[in-house]
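Notes follow the structure.
The values are calculated or read from the model by the stated rules, or taken from the named source; none is laboratory data. Values in this document were obtained by computation on a predicted structure and should not be read as measured data. Because the Cβ atoms are built from the backbone with ideal geometry, glycine has one as well, and the counts that use them run over all protein chains shown.
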Amino acid sequence: MLSPEQNERYQARMKRKKAIVDERIAKATEERGVLILLKGNGKGKSSSALGTMARSVGHGQKCGVIQFIKGRDATGEYLFFKDHPMIDWHVMGHGFTWETQDHNEDTQAAEKAWAIAEDMLNNPEYGLVVFDEMSYPLKYKNLMVEPVVEALQARPEMQNVIITGRTMPEELMEIADTISDVKDERHAFRLGVKAQKGIEF
């Protein structure tokens with residue numbers, strides 16, 4: 001417990017903080033969709049994106065998900081969301097590049113995924129679209145970044161987009177509204193713990 005003097009100082013500090021927060025809220029008057037990049041080598045980027053999607057669906061917004069790399073449909077998130085009437089979910093990948101080891105095959109898969117992504121970006125019915133692990137085909141030149149940037153900038157005004165992946169092209173960083181860098185401080189895999197249902201997939 002704080003002493004009366006300590007509590008008084010605490011209240012004064014929180015009052016100043018509230019004034020700063022209220023001022024920032026008052027200045028945020030623009031209403032439009034945002035582009036969010038979730039990058040970094042830490043765990044939780046896709047989980048964060050899908051958590052945001054659950055929030056959007058809770059508000060009655062139609063959502064789309066395209067998984068550019070993941071190639072299996074037995075993940076917990078897919079099994080949970082796949083039959084939801086407000087979600088269109090597409091598993092388009094063949095696995096990570098070090099597993100396929102075929103640039104042409106990866107490019108074909110990425111182009112098929114991007115064709116669906118473009119349709120979503122042109123459709124104002126989608127309140128949120130998630131392009132999971134899209135950074136990989138951009139990094140390895142399976143997709144060119146210029147048409148992606150163009151489509152993102154031309155999307156419906158209120159549509160939100162989340163892109164996940166370890167690294168992001170500078171061109172996407174320049175047009176993003178929010179960028180979060182998820183850092184890896186420790187991971188159970190390096191301690192010898194294998195991937196498990198409900199945590200990694």
Given (1) without any contact (Cβ under 8 Å) to a residue 40 or more places away in the chain; (2) surrounded by fewer than 20 Cβ atoms within 10 Å (Cβ to Cβ), where does V148 come up short, assuming only one miss? (2)
Can E105 be described as farther than 13 Å from E133 by Cα, touching a His at 6+ places or on another chain (Cβ under 7 Å), at pLDDT below 95 and not hydroxyl-bearing (S, T, Y)? yes
So, of the residues in the range 155-190 that are in a strand (DSSP E or B) and among the hydrophobic types (A, V, I, L, M, F, W, C), which turns out to be farthest from G127 (Cα to Cα)? I179
Being under 12 Å from the mean Cα position of the chain (by Cα) and not aliphatic (A, V, I, L, M) is the filter; apply it to the range 48-67 and report the residue that is nearest to K183 (Cα to Cα). S48
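With respect to T167, is the statement that it is under 24 Å from A109 (Cβ atoms), among the β-branched types (V, I, T), surrounded by fewer than 16 Cβ atoms within 10 Å (Cβ to Cβ) and assigned by TED's automatic domain parsing to the domain that holds H90 true? Before you say what the answer is, go through the steps one by one.
Values: under 24 Å from A109 (Cβ atoms): yes; among the β-branched types (V, I, T): yes; surrounded by fewer than 16 Cβ atoms within 10 Å (Cβ to Cβ): yes; assigned by TED's automatic domain parsing to the domain that holds H90: yes.
Taking the combined requirement at face value, the residue satisfies it.
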Which number in (1) loosely packed, with under 15 Cβ neighbours inside 10 Å; (2) assigned to a helix (DSSP H, G or I); (3) out of contact with any His (no Cβ under 7 Å at 6 or more places or on another chain) marks the one condition that K141 misses? (2)
Could you grab me the full set of residues in the range 1-48 that are part of a helix (DSSP H, G or I) and within 30 Å of T75 (Cα to Cα)? K45, S46, S47, S48
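Give A151, A117 a once-over and let me know the one that is in a helix (DSSP H, G or I), small (G, A, S) and closer than 22 Å to K45 by Cα. It would help to see each step written out before you state the result.
Values: A151 fails: closer than 22 Å to K45 by Cα.
Sole residue among the options that is in a helix (DSSP H, G or I), small (G, A, S) and closer than 22 Å to K45 by Cα: A117.
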